[in-house]
Amino acid sequence: MTIDTARMRRNIDALNGVVFAEAAAMLLARHLGKARAQALLESLSRRAVTEQRPLLLLTQEAVGATATLGAKVSAEALSAAFDPELAAGQASASVAVQWGLLRERAAMLDARAATGPA
């Protein structure tokens, strides 16, 4: 299997960054609460698609328009929520953890099978 990272990036860009809505909602949920953050990102995602504008830009505008939120959410943290390389790294780390857990579970099941029924 060959991974075409340039094409993946074009697809993300074509979707105006909407694939990062969940990450942005999780970031904003710390300050708005989960329901409000999800509702905000849902609305901004619709606008991103309709207006063909990047979700990051719309989210930055929304955060900046709210003085208290703008003071709590840094531009760097918001940009990080939309960083595909950071997201891929986090996904890779998560997969590594899950893979390790599955290997441990498989070893435990193999050990049980080798000793016979309990």
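Every number here is computed from the coordinates shown, using simple stated rules; none is lab data. Just so it is clear, the model here is predicted, and its values are computed rather than measured.
Relative to the longest principal Cα axis of the chain, at what angle does helix 21-32 sit, 0 to 90 degrees, rounded to 10?
Long axis of 21-32 versus the principal axis of the chain: about 70 degrees.
What does the extension gain come out to for residue 77 and residue 65, with contour length at 0.36 nm per residue minus their alpha carbon separation?
This chain segment gains 2.6 nm when fully extended.
Could you calculate the contour length gain from residue 6 to residue 102, that is, 0.36 nm times the residue separation minus the distance between their Cα atoms, to one decimal place in nm?
Taking 0.36 nm per residue and subtracting the Cα distance, the gain is 31.4 nm.
Can you tell me the orientation of helix 5-14 relative to the chain, as the angle in degrees between its alpha-carbon axis and the longest Cα principal axis, to the nearest 10?
Between the helix axis and the principal axis of the chain, the angle is about 40 degrees.
Working from Cα positions, state the angle (0 to 90°, nearest 10) between the long axis of helix 84-115 and the longest principal axis of the chain.
The two axes meet at around 20 degrees.
Would you please classify the overall shape of region 12-79 from the alpha carbon gyration tensor, given that a ≥ b ≥ c denote the square roots of the eigenvalues, rounded means a/c under 1.5, and beyond that prolate means a/b larger than b/c while oblate covers the rest?
Since a/c reaches 1.5 and a/b is larger than b/c, the shape of region 12-79 is classed as prolate.
Using a ≥ b ≥ c from the Cα gyration tensor of the chain (square roots of the eigenvalues), is it rounded, prolate or oblate, where a/c under 1.5 gives rounded and otherwise the larger of a/b and b/c decides, a/b for prolate?
Prolate shape, in that a/c is at least 1.5 and a/b is the bigger ratio.
Give me a comma-separated list of calculated 3J(HN,Hα) values for region 46-55, in order, Karplus coefficients 6.51, -1.76, 1.60 applied at θ = phi - 60°, integers in Hz, x for any Gly or Pro.
Once rounded to whole Hz, the list reads 4, 4, 4, 6, 5, 8, 6, 10, x, 4.
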